Each structure stands twice: as structure tokens, then as C-alpha cells.
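**Student:** I have a structure here, written as C-alpha cells, and I will follow up with some questions on it.
The values are calculated or read from the model by the stated rules, or taken from the named source; none is laboratory data. Note that the structure is a prediction, hence the values are computed from the model and not measured. Note that we place each Cβ from the backbone using ideal geometry, even for glycine, and neighbour counts take in every protein chain shown. Note: accessible area is taken over every heavy atom of the protein model, side chains too, but ligands, DNA and RNA are not part of it. Shrake-Rupley method; radii C 1.70, N 1.55, O 1.52, S 1.80 Å.
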Amino acid sequence: MKNILKAPFVEEMKKTTANMYRLGWDERNGGNISYMLDEAEVSKYLNLNKVIRKIDLGFDATELIGRIFIVTGTGKYFKNIEFDPETNLGIIQIAGDGKTAKLLWGWRDGGRFTSEFPAHMMSHIARLKVDPENRVIMHTHPTYTIAMNTVCPVDEKDFTHKLWQSNTEAVVVFPDGVGVLPCMVCGTNEIGIATAEKMEKTRLVVWTNHGIYGAGKTMDEAFGLIETVEKTAQIYMLTLGHTVNVIPDSIIKALADLWHLTPVEGILDI
Ligand code: 13P
Ligand code: ZN
């Protein structure tokens, strides 16, 4: 068996969470990531028949039976992951009953997956339906995104339009727009169901007064989406009340055309 601490997927989790912490997005235990792994790849590092313990899911994940994920633990600090991955991360496989997870590695202090596991798993199910190559669901608390969401109505078309109007990269990076959920109690199956419903149409979902979710085929894709929203929200907030120039809809459309992208309908007035 190869050393799991040197596995590329553990390295990716360490690097990404450290990066997110240093960007100021993940205070204390804020944020969580789940990353679907290839079974053949994981079996180079772990005996998949050796189950440390079983953890109840509290929701139905039948569609993910047999799938393996590396996941951040609940209450764990992103800033600590790079120094002690085996306590702060876990690798689980969804068991044959679709109702439990088999812990294969990690959470050596008795910990468990993020409290947002329902939203993660339900989002994986939703994204895999529209993109079979989706692998990553990422949740974080980026400051300017939350600030912009605080001063804007809970209206995903308006929110997406304001982002597209504030940064020429925005429509190119997320032509599918940003979904927005109202303020809800987090860590519940209800917010998981609502997030997954949005994820069927877009890779980005804002949780009002809380943070954002991003999805992608790779860690870079999920991170890059959130990073672009956050940078754009920063521009929006720095200029709020002083705005003179916003990007005209004709230019937003032309930018999308240039990259052969179709901006989600119902936002541009052209
Ligand atoms: P966890 O520590 O359970 O991952 O929760 C952090 C968080 O961001 C809740 O939304
Ligand atoms: Zn959160």
C-alpha cells in the first residue's frame, strides 16, 4: 500500500483548504469540501474492506451507493488541515443501504463528516445528473460575497446580473449564473434539498447571510468559480453608491459570444 498522506487527493485538500483559510473565507470551522474519488485510485492507498466505523447519514443517498469521498470534518478548522489531515479529514464510502457511510480513513479523534453533508451529497447527486464528470462540492464564507448578498434583494436573476455588470470575466466564468437561496437553517436536509434543486441549473449557489456553494469537475473549477464571484462582489461593494460605469448588456452578450457561451436566459435585456 502507498502512503495515504502523500496521495494527490489528500495533497489537494490540504493545499486548497490552506489557500481558502488564508483568503479569509473560512474562519474557525467555517466551510467544507467533499471530493469524489476514483475507487481504483483509493485502493492503491487503502484496503477498502477495512471499515473503521459506520456513520449514519440521516438522509437517503441511494444514488451514491459505493461512491467514495474525501470530506472535511465537522467542527474542524481549515487552517489545521495541512498540519493534521488524518484528524481533520475523512474518507468515506456510501454503504449498500444508501443510509450509512463507511469510514475508511481519518477523523481519528472520533469525528465525523461536516454538518453540511446532506447539502454536499444531494448536490453531488444533482450535479452528476447534468455533468457526469462533476467531482467537487465546495462551501465557504467569502466576505464580500456575503456583504453583497446582504445589500441585494434575494433575487438570483438580479444578483447574477449585478455580478455580470461588474466584471467582464463574470459572464465568461459563470454563464449559468448564480442561484440564491433565502436565509435558512444550515446543516439540515431541507437546505440540502433546496441547494441541490438549484445545482441542477447552476454550479454556484449563495446561501443568504451565510456563504456560497460551488461545484466542479476539479478542485480548480469549484475554487475558480467561487473566487471569481468573490472578486466581483468585492468590486461591487467597493464601488457601491459611487458606480458610474456598469458593463452594458450588449457587451456582456458579446463577451459570451466570443467564448461561444450562452448566458442563462431571463437576465440580459437584449
Ligand atoms: P462544519 O464545521 O460542520 O463543516 O460547518 C461549517 C459550516 O460552514 C456550516 O455551514
Ligand atoms: Zn457554512
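**Student:** Throw me the Rg/Rh for the stretch 72-120, computed over C-alpha atoms with Kirkwood Rh, two decimals.
**Tutor:** Details: Rg = 11.0 Å, Rh = 11.2 Å.
Here Rg/Rh amounts to 0.99.
**Student:** Can you give the Rg to Rh ratio for the stretch 1-103, taking only C-alpha atoms and Rh from Kirkwood? Don't skip to the answer; put the middle values down first.
**Tutor:** Working: Rg = 13.9 Å, Rh = 14.2 Å.
Rg/Rh: 0.97.
**Student:** For the stretch 130-270, compute Rg over Rh where Rg is the Cα radius of gyration and Rh is the Kirkwood radius from the inverse mean 1/r over Cα pairs. Present the calculation step by step, with values, prior to reporting the outcome.
**Tutor:** Values: Rg = 14.4 Å, Rh = 15.2 Å.
For the stretch 130-270, the value is 0.95.
**Student:** To the nearest 20 Debye, how big is the dipole of the stretch 74-197 about its Cα centre, given +1 on the beta carbon of each Lys and Arg and -1 on that of each Asp and Glu? Write down the numbers at each step before the final one.
**Tutor:** On the way: 11 positive and 15 negative charges, 58 e Å.
So the dipole magnitude of the stretch 74-197 works out to roughly 280 debye.
**Student:** With the full set of protein chains in place, find how many percent of the accessible area of the stretch 114-239 is carbon and sulfur; take the probe as 1.4 Å. Display every interim value, and only then the final one.
**Tutor:** Numbers: 2450 of 4490 Å².
Carbon with sulfur: 54 percent of the solvent-accessible area.
**Student:** Considering only protein heavy atoms, what per residue accessible area in square angstrom results for the stretch 46-137 with a 1.4 angstrom probe?
**Tutor:** On the way: 3670 Å² over 92 residues.
Ligands and nucleic acids excluded, the figure is 40 Å² per residue.
**Student:** Suppose all protein chains stay in the model; what accessible area per residue would a 1.4 Å probe give for the stretch 203-270, in Å²? Can you show the working numbers first?
**Tutor:** Values: 3620 Å² over 68 residues.
Per-residue accessible area for the stretch 203-270 comes out at 53 Å².
**Student:** Would you count, across the stretch 115-270, every pair of lysines whose alpha carbons are under 19 angstrom apart, provided the pair is eight or more residues apart or spans two chains?
**Tutor:** Total qualifying Lys-Lys pairs in the stretch 115-270 comes to 13.
**Student:** Could I ask something else about it? May I ask for the equivalent-ellipsoid semi-axes of the chain, computed as the square root of five times each C-alpha gyration tensor eigenvalue and listed largest first in whole Å? Present the calculation step by step, with values, prior to reporting the outcome.
**Tutor:** On the way: eigenvalues 232, 67, 57 Å².
Gyration-tensor ellipsoid for the chain: 34, 18, 17 Å.
**Student:** In addition: Quick test of the membrane-span-like rule: which DSSP H helices of the chain reach at least 27 Å along their long axis (C-alpha atoms) with mean Kyte hydropathy at least -1.0?
**Tutor:** On the way: long enough: 219-239 (30 Å, 0.28).
Helices meeting the span and hydropathy rule in the chain are 219-239.
**Student:** Oh, and also: So, with +1 on the Cβ of K and R and -1 on the Cβ of D and E, and no other charges, what is the size of the charge dipole of the chain about its Cα centre, to the nearest 20 debye? Working shown, then result.
**Tutor:** Details: 28 positive and 34 negative charges, 199 e Å.
Rounded to the nearest 20 debye, it is 960 debye.
**Student:** Here's something else I'd like to know. Which residue, chosen from L64, L104, Q93, occupies the Cα position most advanced towards the positive end of the dipole of the stretch 1-152, where the dipole is computed from +1 (Lys, Arg) and -1 (Asp, Glu) charges on Cβ about the Cα centre?
**Tutor:** L104
**Student:** Okay, moving on. If Lys and Arg each add +1 and Asp and Glu each add -1, what is the summed charge of the other residues whose beta carbon sits under 12 Å from the beta carbon of K14?
**Tutor:** Values: positive: K6, K15, K79; negative: E11, E12, E82, D84, E86.
Net charge around K14: -2.
**Student:** For the charge dipole of the chain, defined by +1 on Lys and Arg C-beta atoms and -1 on Asp and Glu C-beta atoms about the Cα centroid, which residue among P118, I4, I193 has the Cα displaced farthest towards the positive pole?
**Tutor:** Value: I4.
**Student:** Is the stretch 62-213 rounded, prolate or oblate when judged by the Cα gyration tensor, a ≥ b ≥ c being the square roots of its eigenvalues, rounded requiring a/c under 1.5 and prolate requiring a/b larger than b/c?
**Tutor:** Verdict is prolate for the stretch 62-213.
**Student:** Comparing V71, V172, V246, which has the greatest mean-square fluctuation in the GNM of the chain with Cα pairs linked when under 10 Å apart?
**Tutor:** Of V71, V172, V246, the most mobile in the Gaussian network model is V246.
**Student:** Across bins of 10 angstrom width beginning at 0, how are the C-alpha pair distances of the stretch 134-181 distributed, in whole percent?
**Tutor:** Per 10 Å bin, starting at zero, the Cα-Cα P(r) for the stretch 134-181 comes out as 24, 54, 22, 0 percent.
**Student:** What are the GluC sites (Glu not before Pro) within the stretch 170-261 that DSSP puts in a loop, where the Cβ has at most 14 other Cβ atoms within 10 Å?
**Tutor:** Values: sites: E190, E197, E200, E221, E227, E230; in loops: E200.
Answer in residue order: E200.
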